[in-house]
Amino acid sequence: MKKQKVDVSGLIVKIIFVIAVLILWEVVARANLFGSRSRLIFPTIGDVLQAFVNNFKTGYAGSSFWVYIMNSMKLLVLGLFIGIVLAFLFSGLSIVSKTFHSIYNLVVSVFDLLPGVALLPVVIVICGVTPGVIVFLVVHAVIWPMSRSVLDGFLAVPKIYVESGLNMGLSGFSLLTGVYIPAATSYIVSGLKVGWARAWRGLLSAEMIFGLANCPGIGLYINQMRTNMKNAEMYATLIVIIIIGVVVQYGILAPIEKCTVKRWGMSK
Amino acid sequence: MENREIILEINHLTKVFQDEPDVNAEPILEDLNLQLHRKEFLSILGPSGCGKTTMLRCIAGFESYEGEILVGGVSTTKPGTDRIMVFQDFNQIFPWQTVEKNIQYPLKLQGIKDKDQLKAISDEYLKKVNLDGTQKKYPHQLSGGMKQRVAIAKALAQKPKIILMDEPFAALDAMTRNKLQAELLNISRQEDCTFIFITHNIQEAIVLGDRIIVMSKKGKIKIDKQNTLARPITPASPGYGDMWTLFHDAIEE
Ligand SMILES: Nc1ncnc2c1ncn2[C@@H]1O[C@H](COP(=O)(O)OP(=O)(O)O)[C@@H](O)[C@H]1O
Ligand SMILES: [Mg+2]
C-alpha cells in the first residue's frame, strides 16, 4: 500500500483561508455593520464558542444538546438500517426474478424523484406526529438511491464471477453474499454515500418542519434557538451538524472505501 | 490408457442456442460423442466458432443441452465441484479476496473448517504453481500469468475429477506461455485429475496432450489421435513436424 503524499502547500493555503474568514467574521462582528441586528447575524467567535459549550452544558429547557443529538442519531441510524436492509433485500430478489426486477426498477425510478419532505403530510396522516415519521423519511431518503446503486452494481457483476461461484457450489443466497455483493461493492459504497447524504438532509428538514416534543432532535433545537433569538447557539449547532457530517464522511465512509474497493483495486 | 476407467462420457450431445422461440436455429453441436479416461490430458484444437467453448460449457453445466453427459458414470446437467472451469479471462479469481483466500474459499464451502488445514492446502498448491510468497497479495497486484496460475491452483485444490480449461494461456506473452505450459504439464503428471484443454495453438496442444482432438463445424470430431511422441516434446522431437502438419491442415480445411 502506497503512502499518500500530503499536499503541504495546499494545506497551508486552506489553513490561511480559514483563518482569514474567521478574522473577517470577527471584524464584521465587532464593527456592528448591521446596526441593531448585527449581534444576531454576526455573533462574535467568542460568543459562538461560548454557545457551543453552553449547548452541551445547559442546553434548552433542561435537556442538554446531547439529548437532541442522540435522539436524531437514534432515528437516523434506525432509518438507515431499515433502508439499507430493504434495498439489499429487494435488489437481491431482483436478481432472482425478472418480473420483480422490472417492477422494482420502475418503483425505484419513480420514488427516487420524490423529495421526502413532499411526502411529509401523507406520512403524518398515516403515522401521526411520531418519531416513526422521521424514520420513514430517512428510509425513503436512503432506500431509492441505495437500491439504484445495488441494482446497477448487481447487473454489472461480470458473468465470469457468477459462473466461478456456481462452479464452486454457490447458489441462491450464498451466491448473493459470496459473489454479487462483494463484486458490486464499489456501487454499494457510492450508494451508501448518496444515501447517507440524502438521509442526513432529510432528517434535518423533517425535524425543522415539525418538532417532536417527545423525541426532540437537532432540527428542532435550531428552531428553538431561532425563536429564542439565541443566534450564537444556532451557529454553534450548525458547527455540530458539520462536525457530524465530517465524522461520518471521513470516520466511516472513507475507511469503508479504503478497506474494500481501494484495497481490492476495484474502484470505479 | 485404455484400461483406465472412463471418467467422462458424452453421448449424442446436441446444443442449439434458441434465441428466438419460433425460429429453428442451427445446432452449434450435433450428435457429439466422446469418452475420456481417468488422468487423460485431452487437447482440443479447432477453428474459431466450431463449438469448443460451447462443449466445455455444457460439460461444466453452464448450458442446457440435449443428449447425455456422464461424469464418473453419473449424469450431470448442473455445475459442480467435480468439474472445475479455468477460463481464458485473467479476471476470473475474485479481486476481493487475497490469493490464498481465493484458493481457500471453495474449500471452506466444501466443509473444510480448520484454519491450519486450509493454510496448508493453499500453500501446497501455490508452491505447485510457483507462486509461494504471494499468499497475502490481492489479484490486482499480480500479472496476468500469475492470475492464471492462481486460477489453476484454485482449480486443483478443489480436487475435481476434471479440470476444464478454455484457452487459459491464449492471452499470455510467448515466454510466460511456455513457462506455464511446462508447469501445467508437470502438475498434470502428478495430480490424479483429468484435463480438457482447448487451445488455438498446435504446439501447445501437442506439448500438453496425451490425446489430441481436432474439431470442425457443429462439433464434429475430425481427428482423434493418441499422442505417441516421446516426452518432453519440443518442435525438434521426431515426428513433431508430421503431427503439426496433420493438425494444421485439418484445422485449415
Ligand atoms: N450464448 C450464445 N448464444 C447464441 N450463440 C452462441 C452463444 N454462444 C456461442 N454461440 C455461437 O456458437 C458458436 C460456437 O461458439 P464457441 O463454442 O464459442 O466456439 P469456439 O469456442 O470453438 O470458438 C458460434 O457460432 C457462436 O456464435
Ligand atoms: Mg472459444
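The values are calculated or read from the model by the stated rules, or taken from the named source; none is laboratory data. This structure is a prediction, so every number in the text was calculated from the model and none was measured. So basically every Cβ, Gly included, is an ideal-geometry build from the backbone, and we count neighbours across all protein chains shown.
Among the residues of segment B:44-78, none is identified as of a type in the set (A, V, I, L, M, F, W, C), exposed (fewer than 14 other Cβ atoms within 10 Å of the Cβ) and either within 16 Å of ligand 2 (Cβ to nearest atom) or within 13 Å of chain A (Cβ to nearest Cβ) (or both). For the residues B:Ile212, B:Ile196, B:Ile221, B:Ile233, the requirement of being of a type in the set (Val, Ile, Thr), assigned to a loop (DSSP other than H, G, I, E, B) and surrounded by 12 or more Cβ atoms within 10 Å (Cβ to Cβ) singles out B:Ile233. Looking at the structure I just gave you, is A:Lys230 charged (D, E, K, R), away from every other protein chain (no Cβ under 14 Å) and surrounded by 14 or more Cβ atoms within 10 Å (Cβ to Cβ)? Yes. Taking segment A:32-103 as the region of interest, the helices (runs of 4 or more DSSP H) fully inside it that hold 1 or more residues being surrounded by fewer than 18 Cβ atoms within 10 Å (Cβ to Cβ) and not assigned by TED's automatic domain parsing to the domain that holds A:Met146 are A:38-41, A:45-57. When you check B:Gln97 against the structure, is it more than 30 Å from B:Ile10 (Cβ to Cβ) and either of a type outside the set (Ser, Thr, Tyr) or outside any loop (DSSP other than H, G, I, E, B) (or both), yes or no? Taking the combined requirement at face value, the residue satisfies it.
Applying the criterion of being more than 13 Å from every other protein chain (Cβ to nearest Cβ) and assigned to a helix (DSSP H, G or I) to the residues of segment B:134-147, the residue that is surrounded by the fewest Cβ atoms within 10 Å (Cβ to Cβ) is B:Gly144. Does segment B:125-133 contain any residue that is within 14 Å of chain A (Cβ to nearest Cβ) and under 30 Å from B:Thr176 (Cβ atoms)? Among the residues of segment B:125-133, not one is within 14 Å of chain A (Cβ to nearest Cβ) and under 30 Å from B:Thr176 (Cβ atoms), which makes the answer no.
Taken over segment B:8-43, residues that are more than 16 Å from ligand 2 (Cβ to nearest atom), in a loop (DSSP other than H, G, I, E, B) and surrounded by 12 or more Cβ atoms within 10 Å (Cβ to Cβ) amount to 5. Answer with yes or no whether A:Val129 is more than 14 Å from every other protein chain (Cβ to nearest Cβ) and modelled with pLDDT of 95 or more. When the stated conditions are applied, A:Val129 does not pass them. Restricted to segment A:150-268, the set of helices (runs of 4 or more DSSP H) holding at least 3 residues that are among the aromatic types (Phe, Trp, Tyr) comprises A:185-209.
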